[in-house]
Amino acid sequence: MKSFTKLTSKIIPLPNTDVDTDQIIPARYLKVIDKSGLAEGLFDSWRRLEDGSPNPDFPLNQDEYQGAQVLLAGDNFGCGSSREHAPWALMGWGINVVISTSFADIFRGNALKNGLLPIVVSEEIQTSLFDLSEEAPTATVDINLETQTLTLPDGTQVSFEIDTFSKTCMLEGIDQLGYLLKHDEQIAAFEEARA
Amino acid sequence: MTQPKTLFEKIWESHLVAESDDAPSILYIDLHLVHEVTSPQAFSGLREKGLKVRRPERTIGTMDHSIPTLSLDLETADAMAIQQLEQFEKNCDQFGVQFYGMDSPNRGIVHVIGPEQGFTQPGQTIVCGDSHTSTHGAFGALAFGIGTSEVEHVLASQSLLQNRPKTCLVKFEGKLQPGVTAKDMILALNAKIGIGGGTGYVFEYAGEAIRALNMEERMTLCNMSIEAGARAGMVAPDDVTFDYLKGRPYAPQGEAWDAAVTKWRKLPSDKGAEYDKTINVDVENLEPMVTFGTNPGMGIQVSEAVPSPNNERDAAKQSALQKALDYMDLVPASNLKGHTVNVVFIGSCTNSRMSDLRAAASILKGRKVAEGMRLLVVPGSENIRKEAEAEGIDKIVRDAGGEWRFAGCSMCIAMNGDNLEPGQYAVSTSNRNFEGRQGKGGRTFLASPLTAAASAITGKVTDPRELM
Ligand code: SF4
């Protein structure tokens, strides 16, 4: 897993609520057997017009957002299917943080296991971030995982929650499977006891 | 006296391998279902790390998502699907995982064959790289969807890192009216609490209306728990559960069966057990439900009008509703009943079992689908297909002008060439009406098999009670 410590980035606004994983990456892109190439399908139906050309109104297609690593979304981001292709596609495009007021459980877990940081903020902060991205699309925010802070362009610091375990794994880029495998003896003992 | 416990707590606590203050709990997994779409990268991970599947006998593989339903060979599949399916077969073979391939008489949708074969049992922990794993909760199991990294975790360690979810008791009271089904119950719940209403919770469904449901109906209900964002949905096991399971190929047999039932009888929540939250739903006067929008929480009773964004006070909700109506090209405050339908899809892990097909056939029998209507009926498993054919349901469907297919996910996820054309309207018995879910630009109304079949006949969104 890629490690995550901090970043400074512009914000890509996606004001839709309940963005489901079918929008993040439609099923027609799920026939791959590896994790690469999925960025091509990221938000496919919103990003492209019917004839396949880029939709100029969609932020991912706009010049000012190229290179941005932070996606700001409406409530309940990532609902629907369990496809881990969703965080793979987001990260493939270059997004390393998603900010919302809430995340669907499976998406959140999938994101954390890939080094994609889901940040939950209050509705107030969400609104001010949307306002900011409209008024000053090139303004940047700082995100620091170590201190669990999001710093707005005016210096306002917002702290966010993350469980200690996920935080350590993300900071150090540790694959959680290693932790599980270290418990091999306990798993074997559990199996033994039930047999 | 010991502290009263919920069904969830009993299963959770009996599967804890390790607990720690600074890490999630390690939960043992009894049954792991895998399919072709969400497992390839997990098997690759094992290979790269030189790991084995820890308990291959607890792992079951089936192909369902990207397979064709027109034939039992892969001739009509596209090159990428073929590559994925072949890789899946190779993975199962190499890692010793029991595999239900195209030529298996027991193949089918992962959440249909688990219960059908008797793999799914009360008290188990069950996972699959698929959010509708919640289906298996109908048996009083703790069953939930996981991502591909977790598929790899379970393959390698038969365990998962999990934070303990909260519990929510969902009480369905009252008696369903004829023509109103389990699908309508869950669509009503989703409409009531919204698509994020269950996030962080495991639902336990209880109440008079739940006890009255058969196992297939309970599966329909639990299936769509994830549509409210719930981690899982479960129903306490009872005689209905045991009668369904008895004699199934992988259910315990003989003395082991009796011992299992004795154990399973202890699973239901104890009197006085506490939940973090309770939701009550009265189904006595419930009508058949239909969704109008672009998520499964956007549902109404069939006689109701489509909501109007102007009546929505919250700005974000107003804009979400407007976006949904724009995508669906629906007029606010208009009637959904009577709206044109181009395609009807009867299938998916929500509604593709015998009782669903029988319900649809009861309406289709002796009738013809509307002019220009495409009706697609896709059984959930090959066993169901054969049983339905033995009853003549295939003939009823074909005589009505519908297509009868081999088992698979088909137009539920539209990965296999079964899809809506842009702009088309479908009434579907599946579980998701997300934008483009059934084909780019396609528009989905979710409903029960009865409502779907009735709408196929009239070519319009129809209250099935008018044709019963
Ligand atoms: S039928 Fe649909 S929801 Fe069920 S497993 Fe297949 S694709 Fe998923």
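Per the listing B:Gly366, B:Gly417, B:Gly392, the residue uniquely modelled with pLDDT under 95 and on the phi > 0 side of the Ramachandran plot is B:Gly417.
Out of everything in segment B:225-243 that is within 16 Å of the ligand (Cβ to nearest atom) and in contact with a strand residue (DSSP E or B) (Cβ under 8 Å, 6 or more places away or on another chain), what residue ends up being nearest to the other protein chains (Cβ to nearest Cβ)? Going through the qualifying residues, I end up with B:Gly229. Just so you know, in segment A:5-28 the residues that are open to solvent by 20 Å² or more (accessible area, probe 1.4 Å) and without any contact (Cβ under 8 Å) to a residue 60 or more places away in the chain include one that is nearest to the other protein chains (Cβ to nearest Cβ), and it is A:Thr17. Restricting segment B:35-79 to residues that are within 16 Å of the ligand (Cβ to nearest atom) and under 17 Å from A:Leu177 (Cβ atoms), the residue that is surrounded by the most Cβ atoms within 10 Å (Cβ to Cβ) is B:Ser39.
For segment A:169-188, taking the residues that are facing chain B (nearest Cβ under 8 Å) and assigned to a helix (DSSP H, G or I), the one that is surrounded by the most Cβ atoms within 10 Å (Cβ to Cβ) is identified as A:Leu180.
Per-residue answers, yes or no, for (1) within 16 Å of the ligand (Cβ to nearest atom); (2) away from chain A (no Cβ under 14 Å); (3) not aromatic (Phe, Trp, Tyr):
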| residue | (1), (2), (3) |
| --- | --- |
| B:Met185 | no, yes, yes |
| B:Ile195 | yes, no, yes |
| B:Gly200 | no, no, yes |
| B:Ala209 | no, yes, yes |
| B:Met215 | no, yes, yes |
| B:Leu245 | no, yes, yes |
| B:Gln253 | no, yes, yes |
| B:Trp257 | no, yes, no |
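Is it fair to say B:Val151 is within 16 Å of the ligand (Cβ to nearest atom), in contact with a His (Cβ under 7 Å, 6 or more places away or on another chain), touching a residue at least 40 places away in the same chain (Cβ under 8 Å) and more than 27 Å from B:Thr444 (Cα to Cα)? Answer is no for this residue.
For (1) under 25 Å from A:Phe160 (Cβ atoms); (2) touching a residue at least 40 places away in the same chain (Cβ under 8 Å); (3) not hydroxyl-bearing (Ser, Thr, Tyr), each residue gets a yes or a no:
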site	(1), (2), (3)
A:Phe43	yes, no, yes
A:Asp51	no, no, yes
A:Asn55	no, no, yes
A:Asn61	no, no, yes
A:Gly80	yes, yes, yes
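Please pick out the residue among A:Phe77, A:Phe43 that is within 19 Å of B:Gly196 (Cα to Cα) and within 14 Å of chain B (Cβ to nearest Cβ). When all the criteria are applied, what remains is A:Phe77. Listed by position, the strands (runs of 3 or more DSSP E) enclosed by segment B:252-349 that each have at least 2 residues that are open to solvent by 40 Å² or more (accessible area, probe 1.4 Å) and at pLDDT 95 or above are B:277-282. Determine, yes or no, whether B:Lys246 is closer than 20 Å to B:Gly299 by Cα, surrounded by fewer than 21 Cβ atoms within 10 Å (Cβ to Cβ) and more than 15 Å from the chain's Cα centre (by Cα). For B:Lys246, the condition - closer than 20 Å to B:Gly299 by Cα, surrounded by fewer than 21 Cβ atoms within 10 Å (Cβ to Cβ) and more than 15 Å from the chain's Cα centre (by Cα) - is not met. Candidates are the residues of segment B:118-148 that are open to solvent by 10 Å² or more (accessible area, probe 1.4 Å) and more than 16 Å from the ligand (Cβ to nearest atom); the one that is farthest from A:Leu177 (Cα to Cα) is B:Gln121. Mind listing whichever residues of segment B:308-364 are free of Cβ contacts under 8 Å to residues at least 24 places away in the same chain and of a type in the set (Ser, Thr, Tyr)? Hit for segment B:308-364 is B:Ser319, nothing else.
Among the residues making up segment A:38-54, those that are open to solvent by less than 60 Å² (accessible area, probe 1.4 Å) and either assigned to a loop (DSSP other than H, G, I, E, B) or not hydroxyl-bearing (Ser, Thr, Tyr) (or both) are A:Leu38, A:Ala39, A:Gly41, A:Leu42, A:Phe43, A:Asp44, A:Trp46, A:Arg47, A:Arg48, A:Gly52, A:Ser53.
Criterion applied to B:Ala407, B:Ala426, B:Ala414 was being in a strand (DSSP E or B) and within 16 Å of the ligand (Cβ to nearest atom), and the one residue passing it is B:Ala426. Strands (runs of 3 or more DSSP E) fully within segment B:1-94 that include at least 2 residues being within 25 Å of the chain's Cα centre (by Cα): B:25-28, B:31-35, B:59-62. Quick check on B:Asn163: is it open to solvent by 10 Å² or more (accessible area, probe 1.4 Å), within 30 Å of A:Thr101 (Cβ to Cβ) and away from the ligand (no atom under 16 Å from the Cβ)? When the stated conditions are applied, B:Asn163 passes them. If you go through segment B:431-447 and keep only what is within 18 Å of the chain's Cα centre (by Cα) and within 12 Å of chain A (Cβ to nearest Cβ), you end up with B:Asn431, B:Arg432, B:Asn433, B:Phe434, B:Arg437, B:Gln438, B:Thr444.
Only one of the numbered conditions (1) more than 16 Å from the ligand (Cβ to nearest atom); (2) outside any loop (DSSP other than H, G, I, E, B) is not met by B:Lys440, and that is (2). With respect to the stated conditions, B:Gly417 is open to solvent by 10 Å² or more (accessible area, probe 1.4 Å), more than 16 Å from A:Gln23 (Cβ to Cβ) and within 14 Å of chain A (Cβ to nearest Cβ). Restricting attention to segment B:43-73, which residues are more than 27 Å from B:Phe119 (Cα to Cα) and more than 13 Å from chain A (Cβ to nearest Cβ)? Once the filter is applied, which keeps residues that are more than 27 Å from B:Phe119 (Cα to Cα) and more than 13 Å from chain A (Cβ to nearest Cβ), segment B:43-73 yields only B:Leu70. Any chance segment B:16-31 includes a residue that's open to solvent by 10 Å² or more (accessible area, probe 1.4 Å), within 16 Å of the ligand (Cβ to nearest atom) and farther than 20 Å from B:Ser149 by Cα? Taking every residue of segment B:16-31 in turn, none turns out to be open to solvent by 10 Å² or more (accessible area, probe 1.4 Å), within 16 Å of the ligand (Cβ to nearest atom) and farther than 20 Å from B:Ser149 by Cα. Right, A:Gln186: farther than 30 Å from B:Val202 by Cβ and not aliphatic (A, V, I, L, M) or not? So A:Gln186 does not fit the description; no. Of the set (1) open to solvent by less than 40 Å² (accessible area, probe 1.4 Å); (2) under 23 Å from B:Gly198 (Cα atoms), all apply to A:Asp105 but (1). Considering B:Gly229, B:Gly174, the condition of being surrounded by 24 or more Cβ atoms within 10 Å (Cβ to Cβ), on the phi > 0 side of the Ramachandran plot and small (Gly, Ala, Ser) is satisfied by B:Gly229 alone. Which of the residues that make up segment B:374-404 are within 12 Å of the ligand (Cβ to nearest atom) and either open to solvent by 10 Å² or more (accessible area, probe 1.4 Å) or assigned to a loop (DSSP other than H, G, I, E, B) (or both)? Within segment B:374-404, B:Val378, B:Pro379, B:Gly380 meet the criteria.
The lone criterion from (1) open to solvent by 80 Å² or more (accessible area, probe 1.4 Å); (2) under 21 Å from B:Gln162 (Cα atoms) left unmet by A:Asp154 is number (2).
The values are calculated or read from the model by the stated rules, or taken from the named source; none is laboratory data. Every value quoted in this text rests on a predicted model; they were computed, and no experiment measured them. FYI the Cβ positions are ideal-geometry reconstructions off the backbone, even for glycines, and counts take in every protein chain you see. Note: accessible area is taken over every heavy atom of the protein model, side chains too, but ligands, DNA and RNA are not part of it. Shrake-Rupley method; radii C 1.70, N 1.55, O 1.52, S 1.80 Å.
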